[in-house]
Amino acid sequence: MTLEVRGLTKTHPGDTLATIRNLDLMVDSGRITALLGPSGAGKTTVMKLIAGLLTPDGGQITLAGRSILPLPPEQRGVVMVFQNPLLFPHLTVAENVGFGLRMRGLPAKEIRTRVAEMLERTQLTGLGSRRPAELSGGQAQRVALARALVLKPDLLLLDEPLSSLDPTLRDDMRALILTLQRETAVTTLVVTHDQTEAVVLADRIALLLEGRVAQHGPPDQIYRQPASLAVARFFGGVNVLPGRATAGVFQSAIGPMPLPAGLPSALTDGPGVLTIRPEAIDLVTPAHPGALTARVLACTFLGTQSRVALDLGGTPLEALVSPDFAQGLTKGQMVGVVLPPSALWVVPDPA
Amino acid sequence: MEGKALRSLAGATLALWLILPLVPLAIWSVAHGWRFPALLPEEWSLKAWAYALSPTSGVLQSLGVTTLIAAATTVLSALLAVPAGRALALYRFRGKGIVVLVLLAPAILPGITVALGLHGIFLQLGLTGTIPGVILAHLIPALPYMTLVMATVFARFDTDAEDQARSLGARPWQVFVHVTLPAIRPGLLVGALFAFLISWSQYLLTLSIGGGKVQTLPLVLYSFATSGRNDLTGAVAMIYILPGLLALALIARHLTGRNLALGPESVR
């Protein structure tokens, strides 16, 4: 069931500025879409509006073509899983998972069967009689997921499903979410501030910036072909070179560069900003054919990668390389810089 | 280990503190002539108890009236204090400070001023001398306490749990019964105990509004005490303190101040 949000607007009482401004969003049937945005961008508000826990000031929300706005939360076919597992402390794990079925007045026998099946699928078999206080963080998160999925919702809303977990548990939970989603084919909207969480979970990402969706598409497209400087910056550490595109060439402080393929025609002629992903930059020997030469200003060890600050003829540039390679560099040394055409992208000049 | 011993010592001291004053009353209730220098009564007798429990004394009847009034006061307090406490704790609204002040006013003002002012109003409404009138009057001191207890309970209540239940398909009344009520139950019990005991121990309000027609135990007790019947006073006092001790024993484990509401810290 496809979810479509059109022109959604919400101003929280007492606020002067709208949290959500004219938001358009589409979640394809049977797919996982991530709503990605910085903390405080109103992501949870969007979820609560879709779930019916908040009332919008304007806009339209349809699920499978039918408007769900007039419906109370329990009739929307939408189930939201909060960031905090919010298990009911006075109920056992099995009772928690069966909560929604019980509220719908289903027969006890059917509830038992469906709960048992769900516990098995979420690797919680044997924990049914435990109290939430006796669970680990990862287990509690799985119970929360089971409690939502057992209802077979038309739309599943997940609020930051991985961010409260330890790194080791994150991978398990991510795999579980992906497996269960594939098996049930439930249309899923994940809300997160964490780009890796969005990239590893979602088929498509909607990037929420300043109350609106700044770009909507497959993760690699948003990453490689950002629609604006703000989008490019959201993924962090991008090199930015203002300049001008003319006749298939982008002219900037580092000299002419070939225009990337697939650029929107509006950007192939006129002022723009060239963006270069730091991890795509190749550092080679200065003698390398076609390489630009730059001076190494500093190296910072980041763990799996090292950041190298460069001075390319007066223009600052940052590159991410392997720590082993960075160890061989010394401050002040000259290196060759290769900018692969695939690492280049042009966005509109925000000025 | 040392902490444990200290705790037992504190517990024993507290128990003594509470029980010691009751010992003479208990002895009085079974004494027959107990004059000053004697450490214990010369003769023992159950006459006072027999009279107190007989229909002619009216003690049992007023026990019933007192229980009825205290129970009704408790239920009404709870019905009003749960939404009021929730509003105070969770919602920001204009004039909240004034509402708190008005709520606390009966607890700050001397009881006699409240009783006298109220008497005039209740007289006009025809509520004086009636049990409903006394119940309404008892709400004045009971409600603020219960509301404040419920406000502290709701201040630690995560309303996301209600949203979560709603999203899982619970209708509003189901959310209250299955999520909110279990979460606030310990605090609700504590508040109810307060309300019950406040009503149970009212003297002034019952006297002024009940006008002597509504005879609760404190009134009966006082009349025996002033008439010099020490044995009867002892027996009635024993009956009078019983429900309070019972209620306290029943919900004592909720009185530790912890676990008052479903909150992040209350997870064991």
Label point 7 Å beyond Cα of B:Ser54 along Cβ direction - residues of the stretch B:221-236 with amide nitrogen under 17 Å: B:224, B:229-236
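How shielded is A:99-105 by partner chains, expressed as the average number of their Cβ atoms within 10 Å of its Cβ atoms?
Numbers: counts 8, 5, 2, 5, 9, 5, 2.
So the per-residue partner count for this stretch is 5.
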What angle do you read, to the nearest 10 degrees and between 0 and 90, between the alpha-carbon axis of helix A:137-149 and the longest principal axis of chain A? 70
Simple label model, 7 Å out from Cα along Cβ direction - B:Leu46 to B:Phe176, nm: 4.9
Positive dipole terminus of the stretch A:1-115, leading residue within A:Pro89, A:Thr16, A:Ile32 (C-beta point charges): A:Pro89
Suppose the chain between B:Thr13 and B:Leu242 were pulled fully straight at 0.36 nm per residue; how much longer would it get relative to their current alpha carbon spacing? 80.4 nm
So the pair-distance distribution of the stretch A:1-97, from every Cα-Cα distance in 5 Å bins, comes to percents of 3, 11, 20, 23, 18, 12, 8, 4, 1
I want to verify the translational diffusion coefficient of chain B in µm²/s; compute it with Stokes-Einstein, Rh as the Kirkwood radius over Cα pairs, at 20 °C and 1.002 mPa s. 101
Whole-Å distance linking the alpha carbon centroid of the stretch A:1-43 with that of the stretch A:276-351 is 37
Which peptide among B:237-247, B:85-95 comes first, and what is the full order, when sorted by highest mean count of other Cβ atoms within 10 Å? B:237-247, B:85-95
Would you calculate the separation in nanometres between label points at A:Gln221 and B:Asp160, each defined as 7 Å from the Cα along the Cα-to-beta-carbon direction? 3.3
C-alpha center-to-center spacing [the stretch B:184-217, the stretch A:163-220] in angstrom: 57
Residues in the stretch A:276-307 near a label at A:Arg233, defined as backbone nitrogen under 14 Å from the 7 Å Cα→Cβ point? none
Packing-based order for B:110-120, A:139-149, B:127-137, using average beta carbon neighbours within 10 Å, highest first: A:139-149, B:127-137, B:110-120
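Give, rounded to the nearest 20 debye, the magnitude of the charge dipole that the stretch A:229-347 has about its Cα centre when Lys and Arg contribute +1 at Cβ and Asp and Glu contribute -1 at Cβ. The partial results should precede the final answer.
Numbers: 6 positive and 6 negative charges, 34 e Å.
Result for the stretch A:229-347 is approximately 160 debye, rounded to the nearest 20.
Give, rounded to the nearest 20 debye, the magnitude of the charge dipole that the protein assembly as shown has about its Cα centre when Lys and Arg contribute +1 at Cβ and Asp and Glu contribute -1 at Cβ. Write out the running numbers ahead of the final one.
Numbers: 48 positive and 39 negative charges, 276 e Å.
It comes to approximately 1320 debye.
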Any idea what % of Cα-Cα pairs in the protein assembly as shown are farther than 42 Å? 50
Label point distance in nm, A:Asp269-A:Thr113, each placed 7 Å from Cα along Cα→Cβ: 6.9
How many angstrom separate the Cα center of the stretch A:121-138 from the Cα center of the stretch B:81-102? 38
Unit charges at the beta carbon, dipole of the stretch A:229-347: most positive-side option, A:Leu297, A:Val338, A:Gly248: A:Leu297
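Given an 8 Å cut-off on Cα distances and at least 6 residues of separation, report the relative contact order of chain B as a percent. Don't skip to the end; give the middle numbers.
On the way: 312 pairs, mean separation 76.6, N = 268.
Result for chain B is 29 percent.
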Among A:Gln215, A:Leu49, A:Met173, the residue whose Cα sits farthest towards the positive end of the charge dipole of the stretch A:3-224, when +1 is placed on the Cβ of each Lys and Arg and -1 on the Cβ of each Asp and Glu, is A:Leu49
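Hey, with R₀ at 41 Å, roughly what FRET efficiency would B:Ala5 and A:Leu71 work out to, going by the Cβ-Cβ distance, to 0.05? Please list the in-between numbers first.
On the way: r = 62 Å, r/R0 = 1.51.
E between B:Ala5 and A:Leu71, to the nearest 0.05, is 0.10.
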Cα-centre dipole for the stretch A:3-224 with unit charges at Cβ (Lys and Arg positive, Asp and Glu negative), debye to 20: 520
Restricting everything to alpha-carbon atoms, can you work out Rg to Rh for the stretch A:3-224 with a Kirkwood hydrodynamic radius? 0.97
Beta carbons within 10 angstrom, averaged per residue: use that to sort the peptides A:309-318, A:8-17, highest first. A:309-318, A:8-17
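Shielding by partners for A:85-93, please: the mean number of other protein chain Cβ atoms within 10 Å of each residue's Cβ.
Working: counts 1, 11, 3, 9, 9, 7, 3, 0, 0.
For peptide A:85-93, the averaged partner shielding equals 5.
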Across the stretch B:149-154, in residue order, what do the Karplus-derived ³J(HN,Hα) couplings come to in whole Hz, using 6.51 cos²θ - 1.76 cosθ + 1.60 with θ = phi - 60° and x for Gly and Pro? 4, 5, 5, 5, 5, 6
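In peptide B:169-178, what is the residue-averaged number of other protein chain Cβ atoms found within 10 Å of each Cβ?
5
Each reported figure results from applying straightforward, stated rules to the coordinates on display, with no laboratory input. No experiment lies behind these values; they were computed from the predicted model shown. Here the Cβ is made from the backbone with ideal geometry for all residues, glycine too, and neighbour counts use every protein chain on show.
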